[in-house]
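Following: one structure in structure tokens, then a few remarks.
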Amino acid sequence: MHTTVQLLAQAPAQMLPARSLMAFTLASHIILVPLGVALPLITLIMHGYGLRRGDATALLLARRWSAVMAVQFAIGVVTGTVLSFEFGLLWPGLMGRWGDVFGIGFGVEAWAFFLEAVLIAIYLYGWRRLPTRAHFLLGLPLPAAALLGAFGILAANSWMNTPRGFSLDSAGNPVDVKIWKAIFTPMFGPQYWHFVVAMLVTAGYVVAGVYAVGWLRGRRDRYHRLGFTIPFTVAAVCTPVQFMLGDSIARQVFHKQPVKFAAMEIVWDTDTHVPEYLFGRLHPDGSISGGIRIPQLDSILAGFHPDTKVTGLTSVPASDRPTATQATIAHWAFDIMVGIGSLLVLLALWYALVRLRRRRLPASPWFFRSAALAGIASVVAVECGWITTEVGRQPWIVYENMRVAEAVTSTRSTSLWIVFGLVVVIYVFVFASFLAVLLKMRTRWRLADAAVGGDVPPESPETDTPYGPRSTVPSAHARGEGTPPPTGGRP
């Protein structure tokens with residue numbers, strides 16, 4: 001019988017719906033994560049630029065981005081809370097047995113979440129109500145709070161990949177927990193910095209992509225030029241750094257999780273002079289069809305020499321490694337992520353060459369078309385990174401300590417499928433509402449800009465000067481109405 005079919009037949013009925021539900025909610029939530037982690041920093045860079053240069057356009061952009069940041073945070077609360085509940089409801093075996101070891105990461109993330117909520121509220125409130133310097137300084141902890149949340153989540157995930165900081169008693173239960181070792185596992189550093197820089201790259205390209213589309217549609221004013229330049233520069237600077245970090249984490253996986261590396265590179269037998277396959281499909285008998293075969297390259301990339309020995313999937317029993325299908329999924333996700341990263345490096349180099357040589361933005365429409373697509377491509381790369389991480393670790397939920405099948409809930413599979421359907425419907429509504437709110441904000445801002453024209457920031461009750469009281473509301477006589485309202489604006 002086919003090995004994959006055998007393993008599926010042995011798995012609990014709850015496995016497929018539980019994993020499908022978790023995968024869907026995680027894939028949905030991660031779309032919002034780059035803006036949640038990196039948009040506060042990008043906004044504060046624009047804010048600081050505006051204060052330093054006395055630039056009202058930069059301050060207006062920062063204020064509008066802070067509004068987007070708040071809306072994104074509200075939606076992220078919904079999707080993130082669902083994920084938190086799913087850990088306990090779908091995987092009680094994991095949390096019941098190992099929660100005392102790695103649960104501190106979720107605790108850190110919860111504290112960071114509350115801190116970020118308070119800081120965002122203060123930052124939004126302060127635009128018209130606080131002195132400029134005090135307002136900016138109160139916003140500075142926002143990026144740190146966002147990074148602290150990422151710290152907690154990545155600490156938990158890296159522990160699942162390389163569990164440390166505990167001993168096992170005679171019954172196989174963890175005892176003698178050492179919190180610091182459980183947090184700072186061998187994979188924590190590579191995973192954390194790879195993730196953080198990925199968020200900066202993705203958020204920068206996503207925000208810049210909005211203004212690149214405006215540029216392509218003929219909006220060549222300073223508002224769009226500045227709105228594109230600062231986030232794109234952040235992303236372009238971080239892109240080659242991310243490429244090097246990606247190479248570093250792949251090498252760490254090679255040393256710390258050799259079977260996962262074998263799945264990522266679809267290596268069947270342990271050997272030297274292992275070829276690299278770009279895409280391709282692994283079959284249960286170890287053969288590979290399709291793809292582009294590059295002789296010896298996998299060994300060279302892993303250890304800088306063709307004699308480097310690469311561990312194959314067959315080094316462990318079939319029950320302890322990803323199936324051929326799972327290995328192919330992890331391999332494709334990894335190749336897509338690396339391919340997108342390579343293209344983004346080229347785009348960043350294009351931008352850097354023009355900026356350094358000509359002191360201006362590239363003039364080619366193809367550059368702005370590429371920049372508009374870079375945001376979407378970087379989100380896809382983030383999704384592929386998580387697919388590689390999670391699928392490549394199968395069948396382990398805690399690497400080499402607990403299988404996914406041992407952690408899954410005993411709830412009836414039919415009930416899980418019903419919940420999955422309900423969650424999909426709710427998430428469609430939530431994300432549609434998110435998009436509708438963003439489009440409404442964009443329309444309101446565009447109308448306000450059109451009322452003024454040119455590069456001058458608009459001054460209306462909604463999009464007023466960033467600091468100070470709102471503009472005076474016109475009197476009833478000026479509007480041609482009967483009873484005049486109270487004069488003056490709100491503070």
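For ASP449, ASP298, ASP100, ASP307, give the ranking by accessible area with the largest first, probe 1.4 Å.
ASP100, ASP307, ASP449, ASP298
First select every other residue whose beta carbon is under 11 angstrom from the beta carbon of VAL404; then total the charges, Lys and Arg +1, Asp and Glu -1.
+1
What does the charge count around THR311 come to, taking other residues whose C-beta lies under 12 Å from its C-beta (Lys +1, Arg +1, Asp -1, Glu -1)?
Net charge around THR311: 0.
Restricted to Cα positions, what overall size does region 296-428 have along the principal axes? Three whole-Å values, descending.
Over region 296-428, Cα extents along the principal axes are 63, 52, 20 Å.
Could you pull the Cα extents of region 166-245 along its three principal axes, largest to smallest, in whole Å?
Principal-axis extents of region 166-245 (Cα, largest first): 71, 21, 15 Å.
How far is it, in nm, from the label point at VAL425 to the one at GLN296 when both lie 7 Å from their Cα along the line to the Cβ?
With each label point 7 Å from Cα toward Cβ, the separation is 6.0 nm.
At 1.4 Å probe size, with no ligands or nucleic acids counted, give the accessible surface of PHE429 in Å², nearest ten.
Looks like 140 Å² after rounding.
By accessible area of protein heavy atoms, probe 1.4 Å, what ranking do ILE329, ILE183 get, highest first?
Largest accessible area first, the residues go ILE329, ILE183.
Ratio to report: Rg/Rh of region 124-194, with Cα atoms as the point set and Rh obtained by the Kirkwood method; give two decimals.
With Rg and the Kirkwood Rh in hand, the quotient comes to 1.29.
Rounded to the nearest 20 Debye, what is the dipole magnitude of the chain about its Cα centre when Lys and Arg each give +1 and Asp and Glu each give -1 at the C-beta?
Its charge dipole is roughly 2040 debye.
Label ARG251 and PHE85 with points 7 Å out from Cα along Cα→Cβ: what is the distance between them in nm?
Here the answer is 4.4 nm between the modelled labels.
When the distances between all Cα atoms of the chain are binned every 20 Å from zero, what whole-number percent does each bin get?
21, 50, 25, 5, 0
Figure the gain on full extension for ARG220 and THR411 (residue separation times 0.36 nm, minus the Cα-Cα span) and round it to one decimal in nm.
Difference between extended and current length: 63.1 nm.
Among GLY139, PHE114, MET160, which residue has its Cα positioned farthest towards the positive end of the charge dipole of region 54-163, with +1 placed on the Cβ of Lys and Arg, -1 on the Cβ of Asp and Glu, and the dipole taken about the Cα centre?
The residue sitting farthest along the positive end of the dipole is GLY139.
Considering only LEU301, GLY290, PRO275, whose Cα is most displaced toward the positive end of the charge dipole of region 266-309, charges sitting on Cβ of Lys, Arg (+1) and Asp, Glu (-1)?
GLY290
Just for the Cα atoms in region 233-344, what are the lengths along the principal axes, largest first, rounded to whole Å?
Extents along the principal axes, in whole Å: 47, 26, 26.
Projected onto the charge dipole of the chain (+1 at Lys/Arg Cβ, -1 at Asp/Glu Cβ, origin at the Cα centre), which of THR414, PRO395, ALA150 gives the Cα projection farthest towards the positive end?
ALA150
Name all residues of region 307-344 having a backbone nitrogen under 16 Å from the label point set 7 Å from the Cα of GLU400 along its Cα→Cβ direction, giving them as ranges.
Of the residues in region 307-344, 311-322 have backbone N under 16 Å from the label point off GLU400.
Can you compute the FRET efficiency between ALA56 and SER315 using 1/(1 + (r/R0)^6), with r the Cβ-Cβ distance and R0 = 60 Å? Round to the nearest 0.05.
E between ALA56 and SER315, to the nearest 0.05, is 0.45.
Between 0 and 90 degrees, rounded to the nearest ten: what's the tilt of helix 413-452 against the longest Cα principal axis of the chain?
30 degrees
Helix 141-161 versus the longest principal axis of the chain: what angle, 0 to 90°, nearest 10, using Cα atoms?
The two axes meet at around 10 degrees.
Which FRET efficiency value, to the nearest 0.05, is calculated for ALA352 and VAL71 with the Förster distance at 30 angstrom and r the Cβ-Cβ distance?
0.40
Convex hull volume of the Cα atoms in region 271-311, per residue, in Å³?
With only Cα atoms used, region 271-311 gives 62 Å³ per residue.
In the full protein assembly as shown, how much of PHE304 is accessible to a 1.4 Å probe, in Å² to the nearest 10?
For PHE304, solvent-accessible area is about 150 Å².
Using helices alone, what [θ] at 222 nm do you get for the chain, with -39,500 (n - 2.57) per DSSP H run of 4 or more residues, divided over all residues and rounded to the nearest 500?
It lands at -23500 deg cm²/dmol.
Just the Cα atoms of region 306-356: what Rg and Dmax do they give in Å?
Values for region 306-356 (Cα only, Rg and Dmax): 17.9, 55 Å.
In degrees, nearest 10, range 0 to 90: what is the angle between the Cα axis of helix 365-391 and the longest Cα principal axis of the chain?
Between the helix axis and the principal axis of the chain, the angle is about 40 degrees.
Under 25 Å Cα-Cα from LYS256, which lysines qualify once same-chain neighbours fewer than 8 residues away are excluded?
LYS178, LYS181, LYS309
Hey, if we sort LYS178, LYS260, LYS309 by accessible area with the 1.4 Å probe, largest down, what's the order?
Order by accessible area, largest first: LYS309, LYS178, LYS260.
What is the gain in length, in nm to one decimal, between LEU138 and TYR125 on full extension, counting 0.36 nm per residue of separation less the C-alpha to C-alpha distance?
Full extension of this stretch gives 3.6 nm more.
For every other residue with a beta carbon closer than 12 angstrom to the beta carbon of ILE249, add +1 if it is Lys or Arg and -1 if Asp or Glu, then tell me the sum.
Net charge in that neighbourhood comes out at +2.
Loop sites only, by DSSP: take the GluC sites (Glu not before Pro) in the chain that have at most 12 other C-beta atoms within 10 Å and name the longest stretch containing none of them.
For GluC sites (Glu not before Pro) (loop position, at most 12 other Cβ atoms within 10 Å), the longest site-free span of the chain is 1-461.
The values are calculated or read from the model by the stated rules, or taken from the named source; none is laboratory data. None of the values given here were measured: they were computed from a predicted structure. Note that each Cβ is placed from the backbone with ideal geometry, even for glycine, and that neighbours are counted across all protein chains shown. What goes into the accessible areas is simple: the full protein's heavy atoms, side chains included, and nothing from ligands, DNA or RNA. Shrake-Rupley method; radii C 1.70, N 1.55, O 1.52, S 1.80 Å.
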